[in-house]
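Notes follow the structure.
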Amino acid sequence: MSSSLFPLDDATCRSLAEVHGTPCFAYSGAAATAQFASLHAVLPPRVRLAYAVKANPHPDLLARFASLGASFDCASIGELERVEALGLPPGRTFFAGPGKRKAELRRALAMGVRVQAEGFEDLARLDALADREVVVNLRVHPAFEVDEGNRIIGGSGPSAFGVDEEAVPALLDRAAGLRHVRIRGLHVFAASNQRDAAKLLAIHGAVLALAKRLSETEGLAFEQIDLGGGLGIPYAPDETPLDLKALGQGLSELLAKHPWFQGELILEPGRFLAGPCGTYLTRVVRIKVSRGTRFAILEGGINHLIRPLLTGQAFPVKAVGKGEGSLPYTLAGPLCTSLDRLGEVRLPELSAGDLLAFGTTGAYGLNEGMTHFLSHPVPPEIWVDGGP
Ligand SMILES: Cc1ncc(COP(=O)(O)O)c(C=O)c1O
């Protein structure tokens, strides 16, 4: 079976498991290319695609998207270095994130990447580091209502990201004395995993209206408006995919509705571009029935796929070579915590050694394990016994 939820057919899953052992993650180059191309094809020429590296920083995936013309949204030195290794021409990398340290900003300046300033500190630190004009975008946390069911980004409540919209005038007053930093772009990312094109477009429309207000009331001249990520993908057979044609058409209409803006729009999808290409393969270690619940205990669990625990959203799973089935299983990992669950599913009868394939695991899969997320360095562990 190969479908949009499962990019690899059973024979390929089986040979990958035999050659590489399990558990493992496999990313399909063909699926990644097809996903990128399907979105790129519907976008108006003034919309740029910047892949959000945090979704999956695998070097081959980055190289594939780079070869297809992607720009890149990074959120740490680790991510910037992975993109730097691609040897791209300047102007294709952005640097966002609410906690940028001075050393990171210094490095970003040296690399010539465009910073999404998330507050006065980013602006002031860049200004102090720079010896010539530095053009940045300002990330704004909008005041408009966003219904983000899963609260990955946080909807319209309090947020660690960006400058609250109502605080922008005061921030600009403080920034007026800075010598080198110039704000020439707006960045807003308000909601994640949206499969409804109309909802996404409503947010994008509100962002353009916000940009217009800011340009009129604050005199900001925007050459870029970054609409963030948030394009959703199905994780279950009954979830409909995002209507790409409607999205492309809606973006064209928005540009036509805002003739004052002659710059470029940027989309930064992570999940949409990387999710569908991924498969996580793991074998069943044993079956246990406990007080009426049938557990399939697997080689890997939340140590490899933490997302179901964080968001309550399971990944689709199939029993390789066994077809459909209707026996209820609780999928448990090998960790000694009852939090280690990958979902409640219906599968054919399983036994030890059977191979399971979790589809759509190309984004926020292995790298969402929190020490890997955003490619930040792993902190050292220090044994203290009498001195520092
Ligand atoms: C600044 C920024 N851009 C883009 C993304 C990618 O979002 P998604 O994977 O929902 O498209 C994120 C995700 O957290 C983000 O923080």
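Just so you know, all these numbers are worked out from the coordinates, no wet-lab data involved. On a predicted model such as this, the values are computed, not experimentally measured, just so you know. Cβ: placed from backbone, ideal geometry, glycine included. Neighbour counts: every protein chain shown.
So the values come out like this:
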{"read-out": "Within the chain, helix-based [θ] at 222 nm, where runs of 4 or more DSSP H residues each add -39,500 (n - 2.57), nearest 500", "value": "-8500 deg cm²/dmol"}
{"read-out": "Helical segments meeting 27 Å axial Cα length and Kyte-Doolittle -1.0 threshold in the chain (DSSP H)", "value": "197-218"}
{"read-out": "Inter-centroid distance (Cα atoms) of the range 76-130 relative to the range 223-288, Å", "value": "24"}
{"read-out": "Options Leu186, Ala236, Ala211, ranked by Cα towards positive dipole end of the range 96-269, top entry (Cβ charges)", "value": "Leu186"}
{"read-out": "Against the rule of thumb 2.2 N^0.38 Å, how large the Cα Rg of the range 164-223 comes out", "value": "1.32"}
{"read-out": "Span from the the range 1-32 Cα centroid across to the the range 313-382 one, whole angstrom", "value": "14"}
{"read-out": "Burial ranking of peptide ranges 53-64, 235-246 (average Cβ count within 10 Å, highest at the top)", "value": "53-64, 235-246"}
{"read-out": "Count, lysine Cα pairs under 21 Å in the chain, 8 or more residues apart or across chains", "value": "9"}
{"read-out": "Relative intensity, log₁₀ I(q)/I(0), of the range 96-269 from a Debye sum that treats every alpha carbon as a point, q = 0.18 Å⁻¹", "value": "-1.17"}
{"read-out": "For the range 276-373, alpha-carbon Rg relative to the globular expectation (2.2 N^0.38 Å, N residues)", "value": "1.01"}
{"read-out": "Spread of Cα-to-Cα distances over 5 Å intervals beginning at zero, given as percent, for the range 14-121", "value": "2, 11, 21, 18, 17, 12, 10, 5, 3, 1, 0"}
{"read-out": "Size of electric dipole in the chain: Cβ of Lys, Arg +1 and of Asp, Glu -1, about Cα centre, debye, nearest 20", "value": "340"}
{"read-out": "For q = 0.10, 0.12, 0.14 Å⁻¹, Debye-computed log10 I/I(0) when each Cα of the chain counts as one equal scatterer", "value": "-0.69, -0.95, -1.20"}
